[in-house]
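J.: One structure coming up, written as structure tokens, with questions to follow.
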Amino acid sequence: MKRTLIVTPTYNEKDNLPRFIDAVRSAAPEADIMVVDDNSPDGTGDIADAIASKDKKVRVLHRAGKLGLGTAYIQAFLQGLAEGYDQFFEMDADLSHDVKYLPAFFQALEEGADVVIGSRNIPGGDVEGWGVGRHFISKGGSFYSRTILGLGVKDLTSGYKAFSRRALDAIQLGAVHSNGYSFQIEMTYRALRRGMKVKEVPIVFVDRTLGASKMSRKIFMEAIGVVWRLRYESMTGKI
């Protein structure tokens, strides 16, 4: 079996993390899990350490503070590449990414996909528990981004994703500048520009029931600017 690393960034997820790890370990027992904790004030890092001390498939990467989603994934991916992993997953620890979809991700990778996106915007995909505002931000942001960048991917902002080693090598992680909501857009765009095969699989995203969302106006505005930067860099041959 290909070596798999499932990465989950955490910030104040003490109530969700144990349940998340139990669910992932049940659905993908051969995969390793890396928790990237940004010095959570609620003690999430300590809980992660306690779990890791009893489970050799779980480990924790501690960071000094709240440094952002994008840098968390990049740091974990770079470490995973150095350690020889073959495929890499992004998953939120808040249980909004249901592990029942993992077999579809593994199958898509096995069939040759370089990037697999858990899509809420294709037939079979959906969202539960969001208000009108969150729907507008997500669907509007994805539509805006794919229009400006000229892409056919329906869900550019999904955070439930998988990458082959080949894809991460092609993306050139050191060149990725986005850190928030726009990180997902940039990763997919760079993969497509490098000729990677991207496949969307339908998921139903269920909003968190415990803890607080990390979405903010600042993160949304960053995404709007990043889309134009990516288009410019593409036009000038930098991507």
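Taken together, the values in this text are just the output of simple stated rules run on the coordinates, not laboratory data. Given the structure is predicted, the values throughout are model-derived calculations rather than measurements. Methodologically, a virtual Cβ is constructed for each residue, glycine included, from the backbone with ideal geometry; neighbour enumeration extends over all protein chains shown.
J.: Can you find, among Leu173, Phe163, Ile148, the residue sitting farthest towards the positive end of the charge dipole of region 135-177, where Lys and Arg contribute +1 and Asp and Glu -1 at Cβ?
T.: Value: Phe163.
J.: Now for a separate question. Tell me, what is the FRET efficiency for Tyr144 and Lys66 to the nearest 0.05, using R0 = 25 angstrom and their Cβ-Cβ distance as r?
T.: Details: r = 27 Å, r/R0 = 1.06.
Calculated transfer efficiency: 0.40.
J.: Given that just one value was derived from the coordinates, which of (1) 74, 46, 29; (2) 45, 39, 36; (3) 50, 39, 37 is Cα extents along the principal axes in Å?
T.: (3)
J.: Next up: Which order, highest average first, do 174-183, 147-156 follow once you tally other Cβ atoms within 10 Å for each residue and take the mean per peptide?
T.: Numbers: 174-183: 19.1, 147-156: 17.2.
Averaged packing, sorted descending, gives the order 174-183, 147-156.
J.: What angle, in degrees between 0 and 90 and rounded to the nearest 10, separates the Cα long axis of helix 182-193 from the longest principal axis of the Cα atoms of the chain?
T.: Tilt relative to the chain: about 60 degrees.
J.: Now for a separate question. Can you tell me the dipole magnitude for the chain around its Cα centre, using point charges on the Cβ only (Lys, Arg +1; Asp, Glu -1), in Debye to the nearest 20?
T.: Working: 32 positive and 29 negative charges, 153 e Å.
Here the size comes out at about 740 debye.
J.: Follow-up question, since we're still on this one. Helix 132-149 sits at what angle to the longest principal axis of the chain, using alpha carbons and giving 0 to 90 degrees rounded to 10?
T.: Here the helix axis deviates by roughly 50 degrees.
J.: Would you compute, from DSSP H runs of 4+ residues alone, the mean residue ellipticity of the chain at 222 nm, taking -39500 (n - 2.57) per run and dividing by the full residue count, rounded to the nearest 500?
T.: Details: 8 runs with 101 residues, N = 239.
The per-residue figure over the chain is -13500 deg cm²/dmol.
J.: Please report the antiparallel percentage of the DSSP beta bridges confined to the chain, to the nearest 5. Before the final figure, lay out each step's value.
T.: Numbers: 7 of 30 bridges.
Roughly 25 percent of the DSSP beta bridges within the chain come out antiparallel.
J.: At 7 Å along the Cα-to-beta-carbon direction for both Thr236 and Ser26, put a label point, then send me their distance in nm to one decimal.
T.: 5.1 nm
J.: Okay, moving on. With point charges of +1 on the Cβ of Lys and Arg and -1 on the Cβ of Asp and Glu, referenced to the Cα centre of region 62-148, which listed residue (Asn121, Leu102, Phe77) lies farthest in the positive direction of the dipole?
T.: Asn121
J.: Round to the nearest 10 and give me the degree value, 0 to 90, for the angle of helix 69-82's Cα axis relative to the longest principal axis of the chain.
T.: Once rounded, one gets 70 degrees.
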